[in-house]
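Here it is: the structure, laid out below.
Just so it is clear, none of the values below were taken in a lab; they were calculated from the coordinates. Every value quoted in this text rests on a predicted model; they were computed, and no experiment measured them. We place every Cβ from the backbone using ideal geometry, glycine too, and count neighbours over all the protein chains shown.
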Amino acid sequence: MPLASVQIPANTDARKRPLVSMQSVSKVFSSGTVALSGMSLTVESGEFISLLGPSGCGKSTALRIIAGLGDISSGTIDWPSSRINSRGLPEGDIGFVFQEPTLMPWKNVFGNVHLPLKLRGMSKAAAREEIMRALTTVGLQDFAEAYPRELSGGMKMRVSIARALVTKPKLLLMDEPFAALDEITRQKLNDDVLRLWKATGITVIFVTHSVFESAYLSNRIVVMKARPGRVHADLPLVTSLERDAYYRASEEYRQACETVSRSLIGAINAAKENT
Ligand SMILES: Nc1ncnc2c1ncn2[C@@H]1O[C@H](COP(=O)(O)OP(=O)(O)OP(=O)(O)O)[C@@H](O)[C@H]1O
C-alpha cells in the first residue's frame, strides 16, 4: 500500500534488473534458534530500503546474510545484475556499516579508510585519490590526519561510512548505524546519507528500530516480524517532497509514520500469536 501517491524520487532509472533477490531464505543457528524462515526480499538497484522490526526479528541476520557474513540454512540468494565470485557474492560490490564505527584507534582517519583498499593490495599512495574522495563525500576531507580519539561520535560514524564507500560499492548495508548517537547528530547524518544516496545512485539497505527514521529516509520500508523472522509488510513510500526539516514537519510525514507504526504493531501482534 503506497503511503502517499506522488512521484518516485531520484535513482529510479536504474531499476531494470533486481540487484539482489532472497527467496524463501531460512537461517537456523547451531543453538537451534530459527532467526529467519521463508524470508523473501527483492531489492532493485537504486532503492533506499529500511528493514524495520522489533528486537530479535532477524534484521541483522538478514543483512549479514546479504553481505555474505553468514551461511543460509535453506533458500536462495541471487545477484541478477552482478558478476559473482567463488563465494557466491558480487565481488567488491558491498559496503557494510556496523552499529559501532569499529575504527582502528592506532590509525588515523586516512589509514582507517585505506583498509579495504589495502586488503586489495593498494598502497596508501595509489589509494590516496579514492580515500580523499570518500572523505570528501562525508565532509571529512580536512580530518584525514586526525585519530579516532580526536573525533566526535558522529565524525567516527562518518569515517566508517567513508570506509564502506571507498571501494565504490553498488550496495551499502547499514546496521542501525546511528542508534548510539544523539538525536541532532542522528538527523544530520540521516540528511548526509540521503544526500550521498541521491548523488551516487547507490542502493541502500538500512536496518533500524525507528519508525521515524525509516519514514524519513526510505523509499520502501520492509517491516519484519519475529518468531520466526520474515517479511510482514512491504510499504513503498513515495513523495514529491524533499526530505528535509519541512518534510519532518509535514502532514505527509506524519501520515507515513502512522502507517508504518500501525504496520509495526501488526508485526508485533502477529509474532505474539505464534508463541
Ligand atoms: N550468532 C548467533 N547465534 C545464535 N543465535 C543468534 C546469533 N545471532 C543472532 N541470533 C538470534 O537470532 C535472532 C535474530 O537476531 P538478530 O540480531 O538478527 O535480530 P535483530 O532484529 O537484528 O535484533 P536487534 O534489533 O535487537 O539487533 C535472535 O533470536 C538472536 O538471539
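Please report, in Å, the Rg and the Dmax of region 101-168, where both are computed over Cα atoms only.
When restricted to the Cα atoms of region 101-168, Rg and Dmax are 10.4, 30 Å.
Loop-only trypsin sites (Lys or Arg not before Pro) in region 29-106, please: DSSP not H, G, I, E or B, and at most 10 other Cβ atoms within 10 Å.
In loop regions of region 29-106 (DSSP not H, G, I, E or B), the sparsely surrounded trypsin sites (Lys or Arg not before Pro) are ARG83, ARG87.
Can you give the translational diffusion coefficient of the chain in µm²/s, computed by Stokes-Einstein from the Kirkwood radius over Cα pairs at 37 °C and 0.692 mPa s?
170
Measuring from centroid to centroid over Cα atoms, what is the spacing of region 202-255 and region 103-182 in Å?
Comparing the Cα centres of region 202-255 and region 103-182, I get a distance of 26 Å.
Quick check on the chain: helices-only [θ] at 222 nm, where DSSP H runs of length 4 and up contribute -39,500 (n - 2.57) each and the sum goes over total residues. Nearest 500, please.
-11000 deg cm²/dmol
May I ask you to order 218-224, 51-57 by the average number of other C-beta atoms within 10 Å around their residues, highest value first?
Ranked by mean Cβ neighbours within 10 Å, highest first: 218-224, 51-57.
Another question about this same structure. With angles folded into 0 to 90 degrees, how steeply does helix 153-165 sit against the dominant principal axis of the chain? Use alpha carbons for both and round to 10.
The angle comes out at about 90 degrees.
Could you tell me which trypsin sites (Lys or Arg not before Pro) in region 96-130 are loop residues by DSSP with no more than 16 other beta carbons within 10 angstrom of their beta carbon?
Qualifying residues, ordered by number: LYS107, ARG120.
Take every Cα pair under 8 Å in region 101-168 that's 6+ residues apart, average their separations, divide by the length, and report that relative contact order as a whole percent.
Relative contact order, region 101-168: 50 percent.
To continue, here is another question. Roughly how tilted is helix 109-118, in degrees to the nearest 10 and between 0 and 90, from the longest Cα axis of the chain?
Taking the Cα atoms of the chain, the angle to 109-118 is about 80 degrees.
Next question, about the same structure. I want to make sure I understand the PRE zone here: with the label point 7 angstrom from the Cα of SER31 toward its beta carbon, which residues in region 214-243 have backbone N atoms less than 17 Å away?
Answer for this model: 226-229.
Which angle from 0 to 90°, rounded to the nearest 10, does the C-alpha axis of helix 251-273 make with the longest principal axis of the chain?
The helix 251-273 is inclined about 70 degrees to the chain.
Follow-up. Once phi is turned into ³J(HN,Hα) by the Karplus curve 6.51 cos²θ - 1.76 cosθ + 1.60 with θ = phi - 60°, what whole-Hz value does each residue of region 72-81 show in order, with x for glycine and proline?
For region 72-81, the Karplus curve yields 9, 8, 7, x, 9, 10, 10, 10, x, 10 Hz.
Now a separate question. Quick check: residue separation of SER81 and GLU145 times 0.36 nm, minus the Cα distance between them. What number comes out in nm?
19.3 nm
Further question: Contour minus end-to-end for ARG195 and ALA125, with contour as 0.36 nm per residue of separation and end-to-end as the Cα-Cα distance?
22.4 nm
What FRET efficiency do you get for SER74 and ARG262 if R0 is 22 Å and r is their Cβ-Cβ distance, rounded to the nearest 0.05?
0.10
Mind running the shape call on region 121-275? Use the C-alpha gyration tensor, a ≥ b ≥ c as the square roots of the eigenvalues: rounded below 1.5 for a/c, prolate if a/b tops b/c, oblate otherwise.
Verdict is prolate for region 121-275.
In what sequence, highest mean first, do 190-203, 21-34 appear when ranked by Cβ atoms within 10 angstrom?
190-203, 21-34
Could you give the longest part of the chain that holds none of the GluC sites (Glu not before Pro) found in DSSP loops with at most 13 neighbouring Cβ atoms within 10 Å?
Counting only loop sites that pass the neighbour cut-off, the longest clear stretch is 146-241.
Kindly provide the chymotrypsin sites (Phe, Trp or Tyr not before Pro) of region 63-151 that DSSP labels as loop, not H, G, I, E or B, and whose Cβ sees at most 14 other Cβ atoms within 10 Å.
Of the chymotrypsin sites (Phe, Trp or Tyr not before Pro), the ones in loops of region 63-151 whose Cβ has at most 14 other Cβ atoms within 10 Å are TRP106.
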